[in-house]
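Trainee: Handing you this structure, nothing more for now.
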Amino acid sequence: MNDSADSAPGRIVLLTTSHRVAPGLLSWPAWQALRAADRVLCADAGHPQLPYLREAGIEVEHGSATARELVDFCASGRRSAVVLTSAEGDSVLTDGLARLAGSGRETMPALELLPGSYDLPGARLLDLVQVMDRIRVACPWSGIRTHEDLAKYALEETYELLEAIETGDREALREELGDVLLQVVFHARIAQDDPDAPFSVDDVAGEIVDKLIHRHPHVFGEESAETPEDVRAHWMRTKAEEKGRESVTEGVPLGQPALALAAKLASRARSQGLDVPVPPGDGIGYELLALAVRAEASGIEPETALRAAARTYRDAIRSAEGF
């Protein structure tokens, strides 16, 4: 604390906490301030930190005090007060303190905003899970959706995400990533209600975490990988071991767009060193297949390339229409 704070008549601490961090996990400065305080107040009787403060032997007054009351309390005997703020903050109190401090007629106690806990990276995902849980219970439409109902939306949102990536629109990219994430959380929440084989978003996250660790032995294990090709070899080997697949074509979804399907099959064959020529046949289908295989071998994603060409064709059509 600086000299001006040391000479101030007392101290008022506004202690903020994050509801996204487990209650009771407060910073050391927060615990020091709480234990040293002559008075601890909290207007929110349901604040999640209260049971843990009681366990620590800290007496908390339930209710709020005005700025005038706190300033007078601290000025009398150079005392300190800690206000445990709610998730929405305490604007009435902070506005009152600001008015008193700005009046120029008050000898103010030291004022401090002290974060007691901080959000960790990914903490807002907890908000998404909570919001989705509430919507599932309270929304008449969302409450009766099934996996089958949402299937088309997952496909639509994926295509919108691809468009944002290909056009380089950063704002749209952020939005569309959120829409795709919503599909994952929504499906997981539906699965949680299944009477026979329920699972939750935690199960989904846990499974992908385990998969990522297992398929990156060069990061989490003793193996090494010097090139992207080494990483791909690790991934394909561990994936084959996990799935117990005999053919490289197993696990390739046949329902994906045709060009992407052809490229995926060609990629799988090439990854195993298989030189499989395009089967002989007449018609445009075999011609497109040959183009897709050739594109994949050249490092070109044929589906992406055709979409880019189609957008150019769309622009040409609009130009011909006079737009």
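Trainee: Volume per residue, Å³, of the convex hull around the alpha-carbon atoms of the range 223-304? Let's see the in-between values first.
Mentor: Numbers: hull volume 9.0 nm³, N = 82.
It comes to 110 Å³ per residue, whole-number rounded.
Trainee: Another one. Counting other Cβ atoms within 10 Å, keep those with at most 13, restrict to DSSP loop, and tell me which chymotrypsin sites (Phe, Trp or Tyr not before Pro) in the range 180-280 are left.
Mentor: Sparse-neighbourhood loop chymotrypsin sites (Phe, Trp or Tyr not before Pro): PHE199.
Trainee: In debye to the nearest 20, how big a dipole does the chain give about its Cα centre with +1 on each Lys and Arg Cβ and -1 on each Asp and Glu Cβ?
Mentor: In total the dipole reaches around 560 debye.
Trainee: Here's another thing I want to ask about it. What are the extents of the Cα atoms of the chain along their three principal axes, listed from largest to smallest and rounded to whole Å?
Mentor: Taking the Cα atoms of the chain, the three principal extents are 96, 60, 46 Å.
Trainee: So, one more: How long are the three semi-axes of the equivalent ellipsoid for the range 207-264, computed from the Cα gyration tensor as the root of 5 times each eigenvalue, in whole Å, largest first?
Mentor: Output for the range 207-264: semi-axes of 25, 14, 11 Å.
Trainee: For SER298, SER247, SER200, give me the order by solvent-accessible area with a 1.4 Å probe, most accessible first, ignoring ligands, DNA and RNA.
Mentor: Final ranking, largest accessible area leading: SER298, SER247, SER200.
Trainee: For the range 97-242, state what percent of all Cα-Cα pairs lands in each successive 5 Å bin, counting from 0 Å until the bin that includes the largest distance.
Mentor: Calculated P(r), rounded to whole percents: 2, 7, 10, 11, 12, 14, 13, 8, 6, 5, 4, 4, 2, 1, 0, 0.
Trainee: Moving on. Mind checking which of SER142, SER76, GLY251 is farthest towards the positive end of the chain's charge dipole, using Cβ charges of +1 (Lys, Arg) and -1 (Asp, Glu) about the Cα centre?
Mentor: Ranked along the dipole, the leading option is SER76.
Trainee: Across 10 Å bins from the origin, how do the percents of Cα pairs in the range 17-76 run, short distances first?
Mentor: 20, 51, 26, 2
Trainee: Let me see the pair-distance distribution of the range 1-102: every alpha carbon pair, 5 Å bin width, integer percents in order.
Mentor: Going from the shortest bin to the longest, the percentages are 2, 12, 23, 26, 19, 12, 5, 1.
Trainee: Moving on to the next point. Report the net charge of residues surrounding TYR313, where surrounding means a beta-carbon distance below 15 angstrom and charges are Lys +1, Arg +1, Asp -1, Glu -1.
Mentor: Charge balance in the 15 Å sphere: +1.
Trainee: Roughly what percent of Cα-Cα pairs across the range 35-151 reach past 22 Å?
Mentor: It works out to 52 percent of all Cα pairs.
Trainee: Based on alpha-carbon atoms only, what is the radius of gyration of the range 161-303 relative to the globular estimate 2.2 N^0.38 Å?
Mentor: Normalised by 2.2 N^0.38 Å, the Cα Rg of the range 161-303 equals 1.30.
Trainee: Accessible area per residue, 1.4 Å probe, Å², for the chain: what's the number?
Mentor: Values: 20850 Å² over 323 residues.
I get 65 Å² per residue for the chain.
Trainee: For the range 92-163, state the semi-axes of the equivalent ellipsoid (square roots of 5 times the eigenvalues of the alpha-carbon gyration tensor), sorted largest first and rounded to whole angstrom.
Mentor: 48, 16, 13
Trainee: Still on this structure: Divide, for the range 263-311, the radius of gyration over alpha carbons by 2.2 N^0.38 Å, where N is the residue count.
Mentor: On the way: Rg = 11.4 Å, N = 49, 2.2 N^0.38 = 9.7 Å.
Relative to the 2.2 N^0.38 Å estimate, the range 263-311 comes out at 1.18.
The values are calculated or read from the model by the stated rules, or taken from the named source; none is laboratory data. Please read all numbers here as calculations on a predicted model, not as lab measurements. All Cβ positions, even for glycine, are placed from backbone atoms using ideal geometry, and neighbour counts span all protein chains on display. Side chains are part of the model used for accessible areas, which takes the heavy atoms of the whole protein and leaves out ligands, DNA and RNA. Shrake-Rupley method; radii C 1.70, N 1.55, O 1.52, S 1.80 Å.
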